[in-house]
1. Give the stretch A:200-224 a look and list any residue that's surrounded by 17 or more Cβ atoms within 10 Å (Cβ to Cβ) and within 13 Å of chain B (Cβ to nearest Cβ), or say none.
2. What's the number of the condition residue A:99 fails, among (1) touching a helix residue (DSSP H, G or I) at 6+ places or on another chain (Cβ under 9 Å); (2) modelled with pLDDT under 95?
3. Please name all residue pairs, on different chains or six or more residues apart, with Cβ atoms under 8 Å, provided the first residue is in the stretch A:27-48 and is within 13 Å of chain B (Cβ to nearest Cβ) and the second residue is loosely packed, with under 15 Cβ neighbours inside 10 Å.
4. Residue A:297 - would you say it is within 26 Å of residue A:226 (Cα to Cα) and at pLDDT 90 or above?
5. Do we find that residue A:251 is at pLDDT 90 or above and either away from every other protein chain (no Cβ under 11 Å) or in contact with a helix residue (DSSP H, G or I) (Cβ under 6 Å, 6 or more places away or on another chain) (or both) in this structure?
6. Return the pairs, sorted by first residue and then second, in which the second residue is modelled with pLDDT under 85, the first residue lies in the stretch B:1-24 and is in a loop (DSSP other than H, G, I, E, B), the beta carbons are less than 7 Å apart, and the residues are 6+ apart or on different chains.
7. Filtering the stretch A:137-151 down to residues that are out of contact with any helix residue (DSSP H, G or I) (no Cβ under 7 Å at 6 or more places or on another chain) and part of a helix (DSSP H, G or I), which residue is surrounded by the fewest Cβ atoms within 10 Å (Cβ to Cβ)?
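The values are calculated or read from the model by the stated rules, or taken from the named source; none is laboratory data. From a predicted model like this one, the values you see are computed outputs, not experimental measurements. Quick reminder, even Gly has a Cβ in these numbers, built from the backbone with ideal geometry, and neighbours come from all protein chains shown.
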């Protein structure tokens, strides 16, 4: 395991329209945080030279003290190891002191921001936009985590233009899932049209020498170039990631945090391998995928994505099928144009 | 929405890293870049010391080294910390598999 995710609080100061998390004023204690890092350390191979610690919520910045303590504790515990720190925040509690702390300690702050639909889906548009500019001034590579709700999907491309205008270079786009977001043929056709425009922006910006990364597109290109995504290379729960919730309980992935049916141990008794195997063995890819030409490049083995869209660990929804097909086609279109033009930064980045 | 299966051939017109990197067999692993021309593909695969092998390969993607040269600014292509980052909630495709304690694990970055 080389990635520790600490669910440091389930509390949140926003009520996003599509969020299905149950929020409560629960916080990780400093003792649990230290024990979680110690347990994680016990699982690392001796030759580990680098790993990542992420801070997850709720809104993780409601527990800034735990983030600070965890960074200091892990640095002291692993003086010769490179540790990448990361947290995703809604931005409301980002202040100068936290930005300074992040800069001094290599903590990457990713900002959840829904672009032009921010005021409808998340609120506090003006405040978060101020933070957005502040974060960009601090680090030009601040990542944006954008969720697209079917109701506001028609603003997607304009939202990406908005982020580009604010000098953002790395954007993740996730279509909302769960009971509060229902994708149908109509909303998907708008999503398709919008993603085509987004891909054009991706191509144009990279052609202009601006290394814009639209992650859903770029990850498909990378996976093809690296030949690493195949039907056999699906995620294996808890194999490289350890997610510890505020109470010390372990879950396979952020999507399953707090869901008792996915509880797979705790930091004191260790991983419950029997339970983990039960969950793993229930994941059987649908047979129809075998005959689909997109099979080897599709992410239908992602258990948390499947669960989000279809409530099944192994069964992707019809929406996922269409979205994966769309992403692969758009990724190939963009890559063919940029590589055929020998775009120097793009090519170096992708083939390094 | 209804689920459907695709039967069309997917044939991306850009090379995979291993197709380009075959030309790097005379050097060590490292960065690689590819240039695609009208009828041929020219790839350049390189190593950390800035030496690269320029390779020519036809559309059948069977490259052969043709010349070596220095790559200016090779150091600029070194992976940055940003490249290592795994964002939570990013439904990212596995970019690399690695063996961990005899098990096949999911990656957290390209560097593993």
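1. A:213, A:214, A:215, A:216, A:217, A:218, A:219, A:220, A:221, A:222, A:223, A:224
2. The one condition residue A:99 does not meet is (2).
3. From residues that are within 13 Å of chain B (Cβ to nearest Cβ), the pairs are A:45/B:101; A:48/A:81.
4. Details: within 26 Å of residue A:226 (Cα to Cα): yes; at pLDDT 90 or above: no.
No, not satisfied.
5. Details: at pLDDT 90 or above: yes; either away from every other protein chain (no Cβ under 11 Å) or in contact with a helix residue (DSSP H, G or I) (Cβ under 6 Å, 6 or more places away or on another chain) (or both): yes.
Answer is yes for this residue.
6. B:14/B:36; B:15/B:34; B:15/B:41; B:15/B:43; B:15/B:61; B:16/A:227
7. In this case the residue turns out to be A:137.
Each row is one residue, and each column tells you yes or no for (1) buried (at least 17 other Cβ atoms within 10 Å of the Cβ); (2) touching a strand residue (DSSP E or B) at 6+ places or on another chain (Cβ under 8 Å); (3) under 23 Å from residue B:6 (Cα atoms).
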site	(1), (2), (3)
A:248	yes, yes, no
A:278	no, no, no
A:282	no, no, no
A:302	yes, no, yes
A:320	yes, no, yes
A:323	yes, yes, yes
